[in-house]
Every structure is written in C-alpha cells, then in structure tokens.
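Written below as structure tokens is the structure these notes are about.
The values are calculated or read from the model by the stated rules, or taken from the named source; none is laboratory data. Keep in mind that this is a model prediction, so the values were computed, not measured. Reconstructed Cβ throughout: ideal geometry from the backbone, glycine too, with neighbour counts over all protein chains shown. All accessible areas refer to the heavy atoms of the entire protein, side chains included, with ligands and DNA or RNA removed. Shrake-Rupley method; radii C 1.70, N 1.55, O 1.52, S 1.80 Å.
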Amino acid sequence: MEKVNFRTKIICRHLNQETPSPNLLLQSIPCLSYNPPELSEPSAIFDTKEMRKLMDGHNFVEKDWLFGLMLQSNLFNPIERGGKVFVSPDYNQSKEQQREITMKRIGYLLEHGVFKKWLTGKGPEDELRKLGLLDCLCIYDHSLAIKVGVHFFLWGGAIQFFGTKRHHDKWLKDTEDYVVKGCFSMTELGHGSNVRSIETVTTYDSSTGEFVINTPCESAQKYWIGGAANHATHTIVFSQLIIDGENQGVHAFIAQIRDENGDICPNIRIADCGHKIGLNGVDNGRIWFDNVRVPRENLLNSVADVSPDGKYLTAIKDPDQRFAAFLSPLTSGRVTIAASAIYSAKIGLATAIRYSLTRRAFSVTPNGPEVLILDYPSHQRRLLPLLAKTYAMSFAANHLKMMYVKRTPEMNKVIHVVSSAFKATTSWHNMRTLQECREACGGQGLKTENRIGQLKGEYDVQSTFEGDNNVLMQQVSKALFGEYVAAKRSKKPFKGLGLEHMNTSRPVIPSQLTNSTMRQAQFQNDIFCLRERDLLERFAAEVSQCQAQGKSKEYAFTLNYQLAEDLGRAFSDRAVLHTFLDAEAFVTSGPLKNVLDLVRSMYVLVTLEEDAAFLRYGYLSMDNAAIVRKEVAKLCSELRPHALSLVSSFGLPDAFLSPIAFNWVEANAWSSEQN
C-alpha cells in the first residue's frame, strides 16, 4: 500500500507541474564536449622521452624518420578526422586492391632508401636498424610488414644463413633491390609445425647436374606461402633430399617460379589461398612442383652439399644435429613477431586509455557529473594490468632483439628457446589485450577506422605461424628438461637459460604477505623462480617415471603436456621479469625508477593472481592469494594518475593511432561527414 501511495504522489506532482518549453529543456542539458586529457590529467612526474628511449630500446631517430616518410605520401591513405590526420590502410578495398597497394608502398619505401643494407649490411648496428624500421611498418600495417618480412627475413635470411658465398654474391644485392622477389616455401597442406615430416621430395640427376623437385601428393602442396599468389619470382623450397635412395632429411633449394614478365614458370602450379580474416595485403598462395629442375648450385649448402657426381657431403653426421643446425637460423621470425605483437598491444592500449580519459558514463552522486570511465576501478582493472604487462614484455622483446643481433653459433640453442617462449607469450598477450581494448571502447571499438578490432584479425595469425604457440611452449619445456637431466647427470651447476637460480637454496615465501613484501623485487624474483624450479622438478620426475615404465621420452612428454605448458609459461614469465629488472638497473632518474617499480609490481602481482599454478601447486596460500588480489586493485589506483604519461611514452605518432584516441566528438560530427 505504501508503494501505491508513493507512486500516486509522484504522478500528481508531475501532473501539477508546468511543462517547460523545448528550448529550456535543451538549455538545461549541456552537450558533451571533448576535453584533451593533456589539459585535465596530472603532468607527468617522469620524463616521457626518456621512458620512450627505455621502451623502444634503439634507433629512435631512424624510426621517427620512417614515420615521417609514410606521412608524406598519399599511398599511406591519410584521412582527416576531428582536426587531425590519420594514416591507416583502407580495409574496404578488395584483397586484390590491398595486395597491389602494398606492393606500391614497398616500391615507395625502396625508392627512399628504407631497405638500404637490410641484407648487405654488416654487424649488429645494421641489423638493429632493420629491426627498428620493421617495427614502424608493423605499426602502420601488418600486411606491409609481413610482405617485407617474408622477402627479407625468410627468403633473404635463408640465403644469408643456409647459403654460402656463391649464393650471397648472386642473390643478396638483387633481393635488397627487389630485382628478385622472394618467398619461402616450407609449410605444406599436411605439415606445419612438424617441418621434419614434410612430403616434398627432391632427387639428384648426376647426368645433368640438376636437382628435381616434386610434389608427390596433394598434402605435399606448399601452403600459405606469402608472396606466391601474385608477386614472387623465386622461392626457397624445403624438401626431403633423397640421394641414392637414402633420405638425408630436409634441405633448402632456390627455385624460380615466375619469369621476368611475371608469368608462372613451366612445371609450376600456383593457386591463391583466398580471402583471410586479416593480412589480405599479403598474397598467400599454394605451390605444386611437377618435377621442377634446378641447378646443383641452387642447394643452400652451409650445412650439407652434393658433389657433381651425386655424393652427399656434410660435416654433421648425426641427422638430429644436422636438422637442428639447419633450422637454428630461423629464429628471426619469432624475434620480429615478439616485437610486433607488443607494438600492436601498445596501439590498442594507447587508444583505449586515451578514450577512457575523455569519455564519461553515469554519475555516482544524485545530479552529479558523469564520471570518466578510467576513474571506475573496474575499468582500471581491465586496462592497467595489461599496460603493465605490455611494459614488461616490451623490455623482453628488446632483450630478444639484442640477443639475436649479437648471436654466436654457441647461442643458437638459447635464442631458440627464449624466442619460442617470448613469441608465444607476447602474441597471446596481444590478442587478449586487443580484445579487452576493443570492449573497453564499446561500439567505437568496432569501427575499422579505430583500428583495434581490425588489428585482432590482422594479428591473430601470430598465434600459429612460425610455430604454434602451444607447441613452442612444449619445446621450451623439453629444452629445460634436457638442461635439468644434463646438470643432474654431470653433477655440475646449471648454466644458461636463466636457470642459475637452481644452484641456490629453494626460495621460501612468507606465510603472511604484506604490502611492502609484495612490492620488493626480491620477493617477486623468488616466487617466479620457485614456480619455475618446482615445475621443472615435477616435470622431470613425471617424465622419468614414465620412462621407467617403458614409455618413450617423446610419449612421456605428450602425456605430461599440462605440466609442460605450465613450465613453459613459468620460464617465460621469469625471463620477462629478469629483462625488466635488467632494464631498471640502467635507470638513474628517481621519478622514472618509482613509476617503473609500480609497473613491475603490477606485472608480477597480476601474474600471481591470474595464473592458477600459484594456487594449484601451493606457492600461494588461499589467504595470500586474497591479499595479492587486493594489492592489484590498490596498484590500479596508484597507476591511474600515470596512465596518460605511460601510454604517451610508447612513442607512437598521433597519426598512427585513431580518431577515438583524440577528439572523437568532432571526428563524428556532421561536418566531418560533409568533408
């Protein structure tokens, strides 16, 4: 009855009121307006330029030069929105149009000297410049970066690392100048990650001094070959090499697939892979080889050769070691994926955080103003831990680049393991980040011009190419198992892969965590090392037990896949943390150190919160897990004032973000439609 009386009074009050004029109603509700976050947010307490240098790691001047170069040409599709110019590919184009404009962009970059010394340069400086400029291409368009990457890093890299002087002299300069356009034929319809079992077959004809390459069955067709469908003139063919009836394993050969007029060569068949969920600027194709003949000199012979009379020659007699030596140089793809995945995450976060610093929704007091969405703790929890992880993985990607450019043959195994772990970790992180950023932008995240949604489709492939992430993580665990067994058998200390912590006593985690303890680098390192150490010991014990029961080591690995994946993640997280600590060690600025300390603590604690392994295996008690969760929320509130400064430190030019990162009201105004 009380509710009825209440509703009656409300209705009477409405009926007795005078109806205000429409003009008064409009005047009483002010329209929303855009207020740049730079005017409303706290000033940065640290030098964002110094942070950018720390984050980018190298070649800042060259990167900014390339950003400027792309902004100067209409080929990069400049569009004005909200008083600013943005550059982004036109994804409304057909795949044929996207492919052709990608090649025109490559021509423009070639003409302006972007690719100078990408294959003919010497030393770490030239390699770092190449990696830095590739980062810029990824930031603009993943198709452009992949198209360039296949040509230089896969085709060109194979000639560099699998070939010898005769190949270098003949092919590298012409590749750098795009006289030849290369692709890389490894993946087959029936085999992707399992390269060792590919089905393409090559024999040697000693009467003519030629190799004969053949696709014996449909599952052996080369698949997803970037550049093959339209533009490539040559390819590196990975094939089983049969000499005198004996299979010598996988080898690489140079084969021409198109002539100087662009026509497909005899005995070559090429089909298009078709439209994809992303990367439609890359002309992925399928290739069949019908007894294609290539000169004996086209065998890339740094690991093995065949004499004119057909004798197989190699200094590495063990097939396993030969296969490992053969594939070890192919880490460049995983290095570039790790870096590009993090730049993609940066685009998503810079856009979503800038938008959340200007977009308001609801009020928390009667008749009060609407609240900035980043001031809601729930929104902070969605974005700021991902921001911290992106910072941590940015340091990891830089570390991986430095390892790669300073590599020696002795480092091949370490680079393989670290690049496998970081490639999986960063590409998974990127996809999760883009999805959260897309949702955090609401409906605006669906618009292609705002980039985030489109980036999901463009970068999804990273989870499976250059190695399926789950397979890579299992490879990491197998490598760690090998190190563990070797150390135990030799009774020597662990050395390499960051496992030196296994030589010390087992870390002890406090039974009751405190705020100050959780933010100490020592605790953070201890708990990450404890997880890795314990999981490695468990994994080794389970595999050994299976072997004792008569099962093969490979089958034992397969049975213990869950432990293997947990261990792979533990290794990667610990390695990422160590790169963060290494980067911090070079910082002298107090304010910069203080912010990095917050970011690192967030990275570690949100990992503790999200990874069930810490509870599953008892590294955290239920009570401590609850304390960690509360500390993550507290860190969100402490990082909130630095959100704008942290994304501004990414060094991404405004033009490479999107309209909702800036004046999204003006960008969507009717006047913009008329222009």
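Restricting attention to the stretch 634-675, the residues that are aliphatic (A, V, I, L, M) and either within 25 Å of ILE45 (Cα to Cα) or open to solvent by 60 Å² or more (accessible area, probe 1.4 Å) (or both) add up to 9.
If you go through the stretch 538-575 and pick out every residue that is among the basic types (Lys, Arg) and over 24 Å from VAL414 (Cβ atoms), you end up with 1. Residues of the stretch 224-261 that are on the phi > 0 side of the Ramachandran plot and without any contact (Cβ under 8 Å) to a residue 24 or more places away in the chain: GLY245 alone. Selection within the stretch 340-375: residues that are touching a residue at least 12 places away in the same chain (Cβ under 8 Å) and open to solvent by 50 Å² or more (accessible area, probe 1.4 Å). The member of this set that is farthest from the chain's Cα centre (by Cα) is ARG360. Comparison of ALA345, ALA350, ALA324, ALA338 shows that the only residue that is among the aliphatic types (A, V, I, L, M), outside any strand (DSSP E or B) and not assigned by the TED database to the domain that holds HIS399 is ALA324.
Residues that are in contact (Cβ under 8 Å) with a residue 24 or more places away in the chain, basic (Lys, Arg) and surrounded by 13 or more Cβ atoms within 10 Å (Cβ to Cβ) do occur in the stretch 511-519. Here is the figure for the stretch 340-368: residues that are hydroxyl-bearing (Ser, Thr, Tyr) and at pLDDT below 95 total 2. Here ASN194 meets the list (1) surrounded by fewer than 20 Cβ atoms within 10 Å (Cβ to Cβ); (2) within 21 Å of the chain's Cα centre (by Cα); (3) not aliphatic (A, V, I, L, M) almost entirely, failing just condition (2). Please go through the stretch 230-288 and give me each residue that is under 32 Å from the mean Cα position of the chain (by Cα), open to solvent by less than 50 Å² (accessible area, probe 1.4 Å) and among the β-branched types (Val, Ile, Thr), ordered by number. Passing the criteria: THR233, THR235, ILE236, VAL237, VAL250, ILE254, ILE257, ILE270, VAL282, ILE287. Annotation note: of ASN247, ASN230, the sole residue that is polar (S, T, N, Q), out of contact with any Cys (no Cβ under 9 Å at 6 or more places or on another chain), assigned to a strand (DSSP E or B) and more than 24 Å from GLY467 (Cα to Cα) is ASN247. Going by what's in this entry, would LYS478 be described as more than 16 Å from the chain's Cα centre (by Cα) and not in a helix (DSSP H, G or I)? Spelling it out, it is not the case that LYS478 is more than 16 Å from the chain's Cα centre (by Cα) and not in a helix (DSSP H, G or I).
Filtering the stretch 481-501 to residues that are touching a residue at least 12 places away in the same chain (Cβ under 8 Å) and crowded, with 16+ Cβ neighbours inside 10 Å leaves PHE481, GLU483, TYR484, ALA487, LEU497, GLY498, LEU499, HIS501. Against the numbered list (1) open to solvent by 10 Å² or more (accessible area, probe 1.4 Å); (2) over 23 Å from THR579 (Cβ atoms); (3) of a type outside the set (A, V, I, L, M, F, W, C), LYS478 comes up short only at (2). If the condition is being closer than 23 Å to GLN248 by Cα and either of a type in the set (A, V, I, L, M) or at pLDDT below 95 (or both), then the stretch 207-232 contributes VAL212, ILE213, ALA220.
Restricting GLY209, GLY227 to those that are crowded, with 24+ Cβ neighbours inside 10 Å and within 27 Å of GLU260 (Cα to Cα) reduces the list to GLY227.
Looking at LEU75, is it part of a helix (DSSP H, G or I) and closer than 27 Å to GLN674 by Cβ? So LEU75 passes the test. Based on what the data block shows, is SER394 at pLDDT below 95 and either open to solvent by less than 10 Å² (accessible area, probe 1.4 Å) or at negative phi (or both)? No: the conditions fail for SER394. Among the residues of the stretch 520-550, the ones that are open to solvent by 10 Å² or more (accessible area, probe 1.4 Å) and under 13 Å from TYR617 (Cα atoms) come to 5 in all.
Taken over the stretch 643-675, the criterion of being acidic (Asp, Glu) and in contact (Cβ under 8 Å) with a residue 12 or more places away in the chain is satisfied by ASP654, GLU666.
The conditions of being of a type in the set (Gly, Ala, Ser), in the same structural domain as LEU563 (by the TED database), free of Cβ contacts under 8 Å to residues at least 60 places away in the same chain and on the phi > 0 side of the Ramachandran plot are met by GLY618. Is there a residue being at pLDDT 95 or above, in contact with an Asp or Glu (Cβ under 9 Å, 6 or more places away or on another chain) and open to solvent by less than 10 Å² (accessible area, probe 1.4 Å) anywhere in the stretch 324-339? Within the stretch 324-339, one or more residues are at pLDDT 95 or above, in contact with an Asp or Glu (Cβ under 9 Å, 6 or more places away or on another chain) and open to solvent by less than 10 Å² (accessible area, probe 1.4 Å). Take the residues of the stretch 414-436 that are among the hydrophobic types (A, V, I, L, M, F, W, C) and closer than 17 Å to GLU610 by Cβ: which is surrounded by the fewest Cβ atoms within 10 Å (Cβ to Cβ)? That would be TRP428.
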